[in-house]
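Take a look at the structure below.
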Amino acid sequence: MWNKHFGRVCAAGCGLVLLAGCGGSSAKPSIASGTRAASAALPSPTPASLPQLKKIVLQAADLPIGWKGSAYQPGPGGAADQATLVKCVGARNTDGD
C-alpha cells in the first residue's frame, strides 16, 4: 500500500515539474529589428563554507531516540511501481543498463 501511495506521489511530483518546465514563456530578442533584451549580470555562486556544510550533515541527535539504521530492502511492488512511473512519464526504464 505504501508503494502505491509513493508511486502516485512521485508521479504527481514529476507531473508538476514537467508542467512548470513546459509552461511559461520568455521574451526572445528580435534579430530582424535589431533589438536585444537587456540581460542583467548574474552574480556567480560561491561555494559553501565548511561551517555551512557542517550544518547540513545529519547528526544522531536529529533522529528519534532509539532509531536504528538498516540496509535498503526492496519492497514486493517496487519494480511494478517503477515500471508504472516510467510508462506514465513516457520515459525508458534504464534500471538494467
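The values are calculated or read from the model by the stated rules, or taken from the named source; none is laboratory data. A quick note: this is a predicted structure, and the numbers were derived from the prediction, not measured. Every residue, glycine among them, receives a Cβ derived from its backbone with ideal geometry; neighbour counts consider all protein chains shown. Surface areas here come from the heavy atoms of the whole protein model, side chains and all, with no ligands, DNA or RNA. Shrake-Rupley method; radii C 1.70, N 1.55, O 1.52, S 1.80 Å.
Just one residue in the set ALA80, ALA71, ALA48 is under 24 Å from the mean Cα position of the chain (by Cα) and in a helix (DSSP H, G or I); that residue is ALA80. If you go through region 68-97 and keep only what is within 21 Å of ARG8 (Cβ to Cβ), acidic (Asp, Glu) and open to solvent by 100 Å² or more (accessible area, probe 1.4 Å), you end up with just ASP95.
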